[in-house]
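First comes the structure, then the notes that go with it.
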Amino acid sequence: MEKELEDRVQKAIDNFMQGYGCCQSVVVAFADIYGLDDITAKKISAGFGGGVGRLRMMCGAVSGMVILAGLDCGQTEGSDREGKSACYKVVQELLAKFKERNGSVICADLLKLNKEDAAHSNYEASERTAEYYKKRPCVRKVESAAIIFAEYLDGKRN
């Protein structure tokens, strides 16, 4: 992988360690490629953290890859079925790789929450403490999503 892409993966990790959500961390690391400034990228991706609004559904890092895939290859005409299909194919491939490497694309599964714990999730963001970072796998999921997207870009370039 090119150094520039490796740097983007590190940027995603750094973003998460600075308190940004999983989705924000991944999207912001690549947003400039698509002409998005940091603030716009952070706002677009803000609601996807915690498995979409902390509901523990699709992992925020995975949602970040979906946003980036749309920016990269999303169709812009409603009637463009071929373009939609091409983007859906990319999204399915990215998610399959994430699932293969991480076991799931679902936040609750990745956090090993039982159904009751996941159902009682609330909207209150967790405080980012040393203990939080120790017990959460999230930074590794951010890294994984960023690597998968970087590999996708690398494959397109080569």
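Just a few scattered comments:
- Failed criterion for Gly49 (all others in (1) surrounded by fewer than 21 Cβ atoms within 10 Å (Cβ to Cβ); (2) touching a residue at least 12 places away in the same chain (Cβ under 8 Å) hold): (1)
- Among residues of segment 52-65 that are more than 12 Å from Leu94 (Cβ to Cβ) and without any contact (Cβ under 8 Å) to a residue 60 or more places away in the chain, none has a beta-carbon under 9 Å from a residue that is open to solvent by 40 Å² or more (accessible area, probe 1.4 Å) and small (Gly, Ala, Ser) at least six positions away or on a different chain.
- Those residues of segment 106-146 which are of a type in the set (Gly, Ala, Ser), more than 14 Å from Gly50 (Cα to Cα) and either surrounded by 15 or more Cβ atoms within 10 Å (Cβ to Cβ) or modelled with pLDDT of 90 or more (or both), in sequence order: Ser144, Ala145, Ala146
- Among the helices (runs of 4 or more DSSP H) confined to segment 47-158, the ones with at least 1 residues that are of a type in the set (Ser, Thr, Tyr) and more than 24 Å from Asn15 (Cα to Cα) are located at 81-102.
- Checking segment 21-29 against the condition returns no match, with no residue being farther than 25 Å from Lys134 by Cβ, out of contact with any Ser or Thr (no Cβ under 8 Å at 6 or more places or on another chain) and modelled with pLDDT of 95 or more.
- Hey, Gly103 open to solvent by less than 90 Å² (accessible area, probe 1.4 Å), under 18 Å from Asp72 (Cα atoms) and more than 14 Å from the chain's Cα centre (by Cα) or not: no
- Any chance Asp80 is open to solvent by less than 60 Å² (accessible area, probe 1.4 Å), over 15 Å from Phe149 (Cα atoms) and free of Cβ contacts under 8 Å to residues at least 24 places away in the same chain: yes
- Matching residues in segment 10-46 - criterion: being of a type outside the set (Lys, Arg), more than 18 Å from Lys141 (Cα to Cα) and open to solvent by 30 Å² or more (accessible area, probe 1.4 Å): Asp32, Ile33, Tyr34, Gly35, Leu36, Asp37, Asp38, Ile39, Thr40, Ile44
The values are calculated or read from the model by the stated rules, or taken from the named source; none is laboratory data. Fair warning: this is a prediction, and the values are worked out from it, not measured in the lab. Cβ atoms come from the backbone with ideal geometry, glycine included; neighbour counts cover every protein chain shown. Each accessible area value is taken on the protein alone, full model and side chains, heavy atoms only, with ligands, DNA and RNA left out. Shrake-Rupley method; radii C 1.70, N 1.55, O 1.52, S 1.80 Å.
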